[in-house]
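Here the structure is laid out as structure tokens; the discussion comes afterwards.
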Amino acid sequence: MSILSFSFPFILIVILAGVWLVVFTVKKYFPAKATHWMLLIYTSVLLLAAVFVLFGIKGTEVVGNKSGDEKGEAVRIQGEIHDAIEQGKMPDIDKKFISAEKSFKLDASVLKIDSDWEGQNPYIVIERSAEIGQQVKVRIYSLTVQEVEGYALTKAINPPNIKMSGNLLLFSKPSFQEFKYAIFGEEFPINQFKYERRDGGGGYSLAEEYVIFVQIPDDLQIDEGDGVYINYLN
Amino acid sequence: MSLAEVSLFDTVKKQFLFKVKANIDFYSSLITMQVFGIFFAFAGISYGSTSGWLSVTIHYYSVDAVIAFTVFWGFVTGVTILTKQYTDTDFIFITNRVSSTLSNILFLAATSLLGSVTAMLSKYLLLFASLYIFNEHIVLGDIMSAGDFLFGTAIAFLYVFLSCAVGYLIGTLVQINRIFIILIPALIIGSLILDGIQGRLPFVLKIYEFYFYESSVVLFILKTILTSAFCYIASLVILNRMEVRK
């Protein structure tokens, strides 16, 4: 609970008390007619909503950035990742593109790798390493861009799930997520005089792309499942 | 013959204050119109998409409907303030057409201001509901700054006040002759049909563009104030030619 959520009832009480105080102070100007009370209540509700929103909005997880930069970055990093793959320098890629990272102990001599992403096999890059002992290290790079009216809201998306069960390393789609977005257009009295009108940027779009980097011990055998596409670095 | 001299300023002030307190029907109609507008704004437009693991709903909100309803309310108020029900109250005071018209203009300005402020404030009600009742994420960044609020209120006020002025002029014409109740809509509809037949941009649309497409604030202010002034002066001139209590 944010400080504002906690303090809101008190703010509400203070404002209402203030309104009532004004009413009783200038009572002679407020004949007890239903319309006057209706007007008073209506304006109070609007003012309370304004106060609550103006103070509360900062505490909420709002707002995306214009997606142009993020899109551009995703395209650039796509190239970087492919270069890094060819040069075996995948771990050098900027950490902000890592959406999930896990490591597992493995005593088996064969590792089965699969996914349940129907119709969209994840791209997996495997690097053998003598330095990691009996471990399997997994890192998922996300190039996903979620865009709402030209605003990038990618960080809200959960990464894919990584699960090790026995000697099966399974990648599954992110858990179900529900997003409810609100777009508030500028009112025409404000918008009318602006050269750059905020008409939005074209609804909703989602471009999903993940690259999974797996480091395995030198001597481990890989059993490829049907749901993955694997590229070996060495 | 009275020995007491009453200044125009005092009469207008008294009439204005009286009207603010007495003409309460205008407030209830304002609230009703704006609540309708808010409902329209809540209904808004929404878009939904669901894939295997992702459900997205986007709700578009705008208080333009509330402002538009307020502008319409201003027009109706401008017309009805000249009906017998409201003009009779002027005669509680020593009055003439000038003081009556001036107090009406002040009353319409005051209610226009009230209507504009509440219309702009209604955005916060939508934001409140969106954030805390519907638990939506607000996508667009700046939530109407204080500057935008004041600016928007001022412009909305000019629209509502202009609409009141047009309504007032029409109300005045109707006072001369009730035939204008039929004549004015007939002229508007007739011009629409005629422009349609001749393939021209409808005259009504040209008027709309004249105000709503004006991108210069100064020109917009000039246009609205001059038009409002013209409507009120024309009304005053017309009303002055009539008997005081007709």
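Quick note: the coordinates plus some simple rules give every number you see, no bench work behind them. Predicted model only: the values in this text are computed from it and were never measured. Methodologically, a virtual Cβ is constructed for each residue, glycine included, from the backbone with ideal geometry; neighbour enumeration extends over all protein chains shown.
Suppose a student asked you for the relative contact order of chain B, using Cα pairs under 8 Å spaced at least 6 residues apart; what percent would you report?
Relative contact order here is 23 percent.
Once you order the gyration tensor axes a ≥ b ≥ c over the Cα atoms, which shape class does chain B get: rounded for a/c under 1.5, otherwise prolate or oblate by comparing a/b with b/c?
The shape class here is prolate.
With a cut-off of at most 15 other beta carbons within 10 Å, and DSSP calling the residue loop, which chymotrypsin sites (Phe, Trp or Tyr not before Pro) in the range B:167-246 qualify? Please list them.
Taking the range B:167-246 and a limit of 15 other Cβ atoms within 10 Å, the loop chymotrypsin sites (Phe, Trp or Tyr not before Pro) found are B:213.
Peptide B:214-227: average number of partner chain Cβ atoms within 10 Å per residue?
Taking the mean over all residues of the peptide, I get 1.
How would you classify the range B:105-246 from its alpha-carbon gyration tensor, with a ≥ b ≥ c the square roots of the eigenvalues: rounded for a/c under 1.5, else prolate if a/b is greater than b/c, otherwise oblate?
Note, shape of the range B:105-246 comes out prolate.
For each of A:25, A:43, count neighbouring Cβ atoms within 10 Å of the residue's Cβ, then give the residues from fewest to most.
Least crowded to most crowded, the residues run A:25, A:43.
Give me the net charge for the shell around residue A:216: Cβ to Cβ below 14 angstrom, other residues only, Lys and Arg +1, Asp and Glu -1.
-1
State the Cα centre-to-centre distance between the range B:20-36 and the range A:122-147 in whole Å.
65
Using Cα pairs under 8 angstrom and six or more residues apart, how large is the relative contact order of the range B:36-170, in percent?
Relative contact order, the range B:36-170: 36 percent.
List B:116, A:129 from most exposed to least, where exposure is judged by having the fewest other Cβ atoms within 10 Å.
Fewest-to-most Cβ neighbours within 10 Å comes out as A:129, B:116.
Going through the range A:107-182, which chymotrypsin sites (Phe, Trp or Tyr not before Pro) have at most 14 other Cβ atoms within 10 Å and a DSSP loop state?
A:176
Using R₀ = 60 Å, calculate the FRET efficiency as 1/(1 + (r/R₀)^6) where r is the Cβ-Cβ separation of residue B:194 and residue A:233; round to 0.05.
0.20
How long are the three semi-axes of the equivalent ellipsoid for the range A:92-173, computed from the Cα gyration tensor as the root of 5 times each eigenvalue, in whole Å, largest first?
One finds semi-axes of 28, 15, 10 Å for the range A:92-173.
In deg cm²/dmol, rounded to 500, what helix-only [θ] at 222 nm does chain B give when every DSSP H run of at least 4 residues adds -39500 (n - 2.57) and the total is split over its residues?
-23500 deg cm²/dmol
What FRET efficiency do you get for residue B:55 and residue A:163 if R0 is 22 Å and r is their Cβ-Cβ distance, rounded to the nearest 0.05?
Efficiency computed from Cβ-Cβ geometry: 0.45.
In chain B, which whole DSSP H runs stretch at least 30 Å along their own axis (Cα) and average 0.5 or higher on the Kyte-Doolittle scale?
Span-like helices here: B:97-128, B:146-176, B:217-240.
So, in nm, how far is label residue A:55 from label residue B:8 when the simple model puts each one 7 Å beyond its Cα toward the Cβ?
4.8
Just add up the charged neighbours of residue B:153: K/R +1, D/E -1, any other residue whose Cβ is under 15 Å from the Cβ of residue B:153.
Around residue B:153, the surrounding residues sum to -3.
Can you sort B:182, A:230 from fewest to most other Cβ atoms within 10 Å of each residue's own Cβ?
Lowest count first: B:182, A:230.
Evaluated at 20 °C with a viscosity of 1.002 mPa s, what Stokes-Einstein diffusion coefficient in µm²/s does the range B:164-246 have when Rh comes from the Kirkwood expression over alpha-carbon pairs?
In µm²/s, the coefficient rounds to 146.
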